Ligand code: ADP
Ligand code: ADP
């Protein structure tokens, strides 16, 4: 992922909010890259620009060399399918079983029922939830819900996983287990992960590199192993 001179301004003068000032980032393929910052720093805006839910006011974003910020229509939809996303509040559909939540992106892709079922089983076993296929989200723990979210995010075999405070609603032990799972997926599948968090512990546990975002600007960046002075 290459983020070049990205600025994002919400609203209009005199009430405009500059959420991102001039952000430049390079996330190498196969790495886990953390963006650390306090509330209001611009983390969600950044990740929403990469996920194409928001458009930068200026600047460009490239994924695998393709300028995704220049896409529209069908090309844009295709590019979005190659990007998986997990959320703080899991964003599961409560009226659907675990299996049907994971199958949701596959339905949107138009996959046949037989193919969906096989793929869903594969995805659930990847996250250790084969036995919960017919359970509803309300019957799951937070950690199990996030495992479902991870399985769903991988349904279309994305190149990139975006994580928006994915462990912030979980207790420390569950956080640890979910981060282990993400690292395992990164290693086994070469999945590139861009994650945003306000927690240094998350960065220390799984990130290869980190950028610190303050007030819409990156104030520090480097390999986690070399940033010994981090708080
Ligand atoms: P973070 O995720 O780090 O908490 P955000 O990206 O959510 O930061 O917000 C960055 C800044 O942009 C904040 O000042 C926030 O109030 C503002 N902001 C975010 N989304 C919108 C929006 N849709 N409209 C106007 N301002 C927004
Ligand atoms: P809406 O348009 O209703 O806000 P979305 O199309 O953004 O919904 O998302 C539909 C469902 O798919 C949601 O449950 C959301 O959590 C999930 N989702 C959104 N984006 C992605 C993605 N890139 N990869 C996987 N699942 C996603």
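The values are calculated or read from the model by the stated rules, or taken from the named source; none is laboratory data. Since this is a predicted model, take the numbers as computed values, not measurements. No Cβ is skipped: glycine too gets one built from the backbone with ideal geometry, and neighbour counts run over all protein chains shown.
Looking at this structure, is residue 146 surrounded by 15 or more Cβ atoms within 10 Å (Cβ to Cβ), touching a strand residue (DSSP E or B) at 6+ places or on another chain (Cβ under 8 Å) and farther than 19 Å from residue 36 by Cα?
The answer is yes for residue 146.
Name every residue in segment 183-224 that is without any contact (Cβ under 8 Å) to a residue 12 or more places away in the chain and either surrounded by 16 or more Cβ atoms within 10 Å (Cβ to Cβ) or in contact with a strand residue (DSSP E or B) (Cβ under 6 Å, 6 or more places away or on another chain) (or both), in order of residue number.
219, 220 - these are the residues of segment 183-224 that are without any contact (Cβ under 8 Å) to a residue 12 or more places away in the chain and either surrounded by 16 or more Cβ atoms within 10 Å (Cβ to Cβ) or in contact with a strand residue (DSSP E or B) (Cβ under 6 Å, 6 or more places away or on another chain) (or both).
Of everything in segment 55-94 that's within 12 Å of ligand 2 (Cβ to nearest atom) and in a loop (DSSP other than H, G, I, E, B), which residue is surrounded by the fewest Cβ atoms within 10 Å (Cβ to Cβ)?
The extreme case among them is 94.
Which ones in segment 50-61 are touching a helix residue (DSSP H, G or I) at 6+ places or on another chain (Cβ under 6 Å) and on the phi > 0 side of the Ramachandran plot?
52
Determine, yes or no, whether residue 106 is loosely packed, with under 13 Cβ neighbours inside 10 Å, under 20 Å from the mean Cα position of the chain (by Cα), in contact (Cβ under 8 Å) with a residue 12 or more places away in the chain and closer than 23 Å to residue 77 by Cα.
Numbers: loosely packed, with under 13 Cβ neighbours inside 10 Å: no; under 20 Å from the mean Cα position of the chain (by Cα): yes; in contact (Cβ under 8 Å) with a residue 12 or more places away in the chain: yes; closer than 23 Å to residue 77 by Cα: yes.
It is false that residue 106 is loosely packed, with under 13 Cβ neighbours inside 10 Å, under 20 Å from the mean Cα position of the chain (by Cα), in contact (Cβ under 8 Å) with a residue 12 or more places away in the chain and closer than 23 Å to residue 77 by Cα.
Within the set of pairs 6+ apart or on separate chains, which have a first residue in segment 17-33 that is over 12 Å from residue 219 (Cα atoms) and without any contact (Cβ under 8 Å) to a residue 40 or more places away in the chain, a second that is in a strand (DSSP E or B) and within 11 Å of ligand 1 (Cβ to nearest atom), and C-beta atoms under 6 Å apart?
17/10
Give the residue that is nearest to residue 168 (Cα to Cα), with candidates limited to residues of segment 32-49 that are more than 12 Å from ligand 1 (Cβ to nearest atom) and in contact with a helix residue (DSSP H, G or I) (Cβ under 8 Å, 6 or more places away or on another chain).
Among residues in segment 32-49 that are more than 12 Å from ligand 1 (Cβ to nearest atom) and in contact with a helix residue (DSSP H, G or I) (Cβ under 8 Å, 6 or more places away or on another chain), the one nearest to residue 168 (Cα to Cα) is 34.
Residue by residue, here is whether (1) closer than 26 Å to residue 52 by Cα; (2) touching a residue at least 24 places away in the same chain (Cβ under 8 Å); (3) in contact with a strand residue (DSSP E or B) (Cβ under 6 Å, 6 or more places away or on another chain); (4) within 16 Å of ligand 1 (Cβ to nearest atom) holds:
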{"residue": "72", "(1), (2), (3), (4)": "yes, no, no, no"}
{"residue": "75", "(1), (2), (3), (4)": "yes, no, no, no"}
{"residue": "94", "(1), (2), (3), (4)": "yes, yes, no, no"}
{"residue": "101", "(1), (2), (3), (4)": "yes, yes, no, no"}
{"residue": "113", "(1), (2), (3), (4)": "no, no, no, no"}
{"residue": "121", "(1), (2), (3), (4)": "no, no, no, no"}
{"residue": "126", "(1), (2), (3), (4)": "no, yes, no, no"}
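Name, by its number, the condition in (1) modelled with pLDDT of 95 or more; (2) not in a helix (DSSP H, G or I) that does not hold for residue 110.
Of (1) modelled with pLDDT of 95 or more; (2) not in a helix (DSSP H, G or I), only one is false for residue 110: (1).
Residue 227 - would you say it is touching a helix residue (DSSP H, G or I) at 6+ places or on another chain (Cβ under 8 Å) and surrounded by 15 or more Cβ atoms within 10 Å (Cβ to Cβ)?
no
Just to check your reading of the model, which residue among 210, 219, 202 is touching a helix residue (DSSP H, G or I) at 6+ places or on another chain (Cβ under 6 Å) and either modelled with pLDDT of 95 or more or within 16 Å of ligand 1 (Cβ to nearest atom) (or both)? Before the answer, list the steps.
Details: 219 fails: touching a helix residue (DSSP H, G or I) at 6+ places or on another chain (Cβ under 6 Å); 202 fails: touching a helix residue (DSSP H, G or I) at 6+ places or on another chain (Cβ under 6 Å).
After ruling out the rest, the residue left standing is 210.
With the condition kept exactly as written, say whether any residue in segment 162-169 is part of a helix (DSSP H, G or I) and modelled with pLDDT of 95 or more.
No, there is no match, as no residue in segment 162-169 is part of a helix (DSSP H, G or I) and modelled with pLDDT of 95 or more.
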